[in-house]
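See below for the structure under consideration.
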Amino acid sequence: MSDVVLALNEVKFSYQNSTLLIDIPEFKVKAGERLFLYGPSGCGKTTLLGLISGILEANSGEISVLDRSYAKMSSRSRDSFRGDTLGYIFQMFNLIPYLTVRENIALPCQISRQRRQRAGNLNSTIDALAQRLGISDLLGRIVTELSVGQQQRVAAARALIGDPAIIIADEPTSALDWDHRETFLKLLFEELDRYGGTLIFVSHDQSLKAMFPKVISLVELNNAVGEASCT
Amino acid sequence: MYVASLAFKSLWNRRLATILTVLSISFSVSLFLGIERIRSGAHDGFANTISKTDLIVGAKGGTIQLLLYTVFRIGSATDNMSYESYQKLSEHPEVAWTIPYSLGDSHRGFRVVGTDNNFYKHYQYLRGRHITFLHGREPNNIFEVVLGESVAKELGYHVGDSIVLSHGVSDVAFQDHSDKPFTVVGVLKRTATPIDRSLYITLQGMEAIHMDWVDGAPPLEDGRIRPEEIKMDDIEIEQITAMLLGTKSRISVLQLQRDINDYENEPLMAIIPGVVLAELWDGISYAENGLRVVSFFVVVVGLLGMLVAIYNSLNERRREMAILRSLGVGASVVFRLMLYESMFLTCIGALLGIVLMYIVLLIGQPLMEEFFGIFVPIRGMTLVELMYLAAILGFSMLLAVIPAIRAYRNTLYDGLTIRT
């Protein structure tokens, strides 16, 4: 197995007969990398994440995660593969409103058998993870009672549980104030270091990129959009 | 397994809508099952308007007509039978008891029945109940009358009141027997059968008010016989309208019926009430089917309510679906999730509906029996009822496919985009 966890090769995507949204000749992410993907709106950010997570299918080219090519997989097996290998953090409203904090964090391990196995004893793993992220006392709470900052930490815990190879964070800090952004990122980095996870951090907020060893701009990566169309 | 658990927790999160939906399903299910039971209770009640009477005998004519005017006080006889034949039948070795009926007069729209004390002793309804008195006693004298419960209540009569009977059974009777008033001596207890809607006098009383009539016309002033002049023992009864009889052994009923139908002295007819009641019920069973159709649509409306509730929840749950997808849940699982939700709602609604039906039956049973004469037995679920429930569940699954498809398509369209 190579140390490349995500590889895009000559990937093109457009919705039926409309304009090309994604044209990426080459994009590789190595294991353990922390990548800041700069993506102003209108650059195909959402589409690219849909492709990486296997929700959308490329019109041509190859996308492979952990050396497995999506092109050879059915949409159903892409779904379960996503559950096994990807942790996803949204900008906000990450949590299922009718589950408790603990149930939210445990959910990926109920959906993916692999993640459940990697998590070991689920309850003690959640306890330890919550301890490190500073959300121990929230575990029994209803998610709607949490502040945005607390919600994002719970979302991070849920993305991290069961050690998925890649964490995709889609503007996870934009709803937080500055101090919280930095703390949040540091916690995320620490957790990833524990098991050697890879982070793809997508944001239009350039102020955070100093914290990342590697920065790629979607404007340069995606040939389908010009400098002008991205804002 | 987690899908079912998610479905349950999601429903619980929307408890108000969930509870309302479940209640509406349970109401419709209990209404459906309840109506089904009341319907069969009404059928039994109808069949129980008269009970333990083996034969009804009258002049030859229509069988249903005979049943209608003797049991339901509807219509009238075309011919009478002789009192002599009545007495002969009473003495028949197979006959245990007889009740004579002499009909044809009325009081303010209620039928007057001339009978004797056998009526109070032997008439039975609703699985063998006897007639009992609310007030007063049986009529022993010519100008004494006993009222059915509805007659007394609707006309406000009490024991001791004096009333005048009318000739004929039309609502606007043109000839009153005003020269021979009757005194109320008793009121019967409610039976919830046509018994309540009649007045009861003696056969002699019936004879007495027509004694001075000539060829069906009221007497002229000088031909009138004053009531004081009439003595009970002087009256000879010549005719009655019909009779009820009970046999000593039910085995002899068919033979007795044949004998009466072949009776040589007079053209008579005997009917078995149960048989003719069943014929009559068949004739009006379209009403029964109508009731069934209505209760079926009540269930459809209940399930449509569920459909609307689930469908309405879909938009606010798109975010939830996107989150689930990001966690590796396929669109087909989302489809299943929606089906499970409908299944939960329908199953719980149906179970609650059954419980509700039994509660209502327990509370309502005595009331329905008292006010409508409908006895609804409390028994376990029948196979037919279970099949109805299975059909309801199947139908709800069919309806549930609609929001499930919508959710499935939303999910595919949204992908991981969180729409709020």
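Checking B:GLY394, B:GLY349 one by one, the residue that is at pLDDT 90 or above, surrounded by 20 or more Cβ atoms within 10 Å (Cβ to Cβ) and assigned by TED's automatic domain parsing to the domain that holds B:ALA17 is B:GLY349 and no other. Entry remark, the range B:72-89: residues being surrounded by fewer than 16 Cβ atoms within 10 Å (Cβ to Cβ) and in contact with a strand residue (DSSP E or B) (Cβ under 6 Å, 6 or more places away or on another chain) number 1 in total.
Checking each residue in the range A:39-57 for being away from chain B (no Cβ under 14 Å) and out of contact with any Leu (no Cβ under 6 Å at 6 or more places or on another chain) picks out A:PRO40, A:GLY42. For the range A:13-40, a residue qualifies if it is touching a Cys at 6+ places or on another chain (Cβ under 9 Å) and closer than 21 Å to B:SER326 by Cα, and exactly one does: A:GLY39. Counting only helices (runs of 4 or more DSSP H) that sit wholly inside the range A:64-126, those with at least 2 residues that are facing another protein chain (nearest Cβ under 9 Å), surrounded by fewer than 23 Cβ atoms within 10 Å (Cβ to Cβ) and more than 15 Å from the chain's Cα centre (by Cα) are A:75-85, A:101-111. For the range B:313-336, the count of residues that are touching a Leu at 6+ places or on another chain (Cβ under 7 Å) and farther than 30 Å from A:ILE55 by Cβ is zero. Restricting attention to the range B:4-51, the residues that are among the hydrophobic types (A, V, I, L, M, F, W, C), crowded, with 19+ Cβ neighbours inside 10 Å and either within 14 Å of another protein chain (Cβ to nearest Cβ) or free of Cβ contacts under 8 Å to residues at least 24 places away in the same chain (or both) add up to 3.
Would a scan of the range B:318-338 turn up a residue that is under 30 Å from B:PHE32 (Cα atoms), part of a helix (DSSP H, G or I) and among the small types (Gly, Ala, Ser)? No, the range B:318-338 contains no residue that is under 30 Å from B:PHE32 (Cα atoms), part of a helix (DSSP H, G or I) and among the small types (Gly, Ala, Ser). Within the range A:138-151, not a single residue is under 16 Å from A:GLU191 (Cα atoms) and touching a helix residue (DSSP H, G or I) at 6+ places or on another chain (Cβ under 6 Å). Quick one: is B:ARG319 touching a Phe, Trp or Tyr at 6+ places or on another chain (Cβ under 7 Å), at pLDDT below 90 and more than 22 Å from B:MET397 (Cβ to Cβ)? When the stated conditions are applied, B:ARG319 passes them.
Looking across B:ILE251, B:ILE323, one residue alone is farther than 30 Å from B:LEU389 by Cα and within 14 Å of another protein chain (Cβ to nearest Cβ). It is B:ILE323.
Against the list (1) modelled with pLDDT under 75; (2) of a type outside the set (A, V, I, L, M, F, W, C); (3) in a helix (DSSP H, G or I), the condition B:ASP171 fails is (3).
The sole residue among B:LEU268, B:LEU256, B:LEU245, B:LEU280 that is at pLDDT below 90 and surrounded by 14 or more Cβ atoms within 10 Å (Cβ to Cβ) is B:LEU280.
Would you confirm whether any residue within the range A:168-187 is buried (at least 18 other Cβ atoms within 10 Å of the Cβ), at pLDDT 85 or above, under 26 Å from A:ARG113 (Cα atoms) and not hydrophobic (A, V, I, L, M, F, W, C)? Yes. For the range B:192-201, check the following and say yes or no: at least one residue is in a loop (DSSP other than H, G, I, E, B), in contact with a helix residue (DSSP H, G or I) (Cβ under 7 Å, 6 or more places away or on another chain) and under 23 Å from B:GLU138 (Cα atoms). Within the range B:192-201, one or more residues are in a loop (DSSP other than H, G, I, E, B), in contact with a helix residue (DSSP H, G or I) (Cβ under 7 Å, 6 or more places away or on another chain) and under 23 Å from B:GLU138 (Cα atoms). Scanning the range A:1-27 for residues that are more than 16 Å from A:GLY44 (Cα to Cα) and free of Cβ contacts under 8 Å to residues at least 24 places away in the same chain returns a single hit, A:ASN17. Say whether the condition of being under 19 Å from B:TYR86 (Cβ atoms) and β-branched (Val, Ile, Thr) is met by at least one residue in the range B:101-113. Yes, there is a match, as at least one residue in the range B:101-113 is under 19 Å from B:TYR86 (Cβ atoms) and β-branched (Val, Ile, Thr).
Residues are listed down the side, and each one gets a yes or a no for (1) surrounded by 14 or more Cβ atoms within 10 Å (Cβ to Cβ); (2) touching an Asp or Glu at 6+ places or on another chain (Cβ under 9 Å); (3) of a type in the set (Lys, Arg):
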site	(1), (2), (3)
B:TYR120	yes, yes, no
B:GLY128	no, no, no
B:THR132	no, no, no
B:GLY160	no, no, no
B:ILE163	yes, no, no
B:ASP176	yes, no, no
B:PRO181	yes, no, no
B:VAL185	yes, yes, no
B:THR191	yes, yes, no
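Listed here are the helices (runs of 4 or more DSSP H) enclosed by the range B:1-93 that have at least 2 residues being assigned by TED's automatic domain parsing to the domain that holds B:GLY302: B:2-13, B:15-47.
The values are calculated or read from the model by the stated rules, or taken from the named source; none is laboratory data. In this text the structure is predicted, and so the values were computed from the model without any measurement. Every residue, glycine among them, receives a Cβ derived from its backbone with ideal geometry; neighbour counts consider all protein chains shown.
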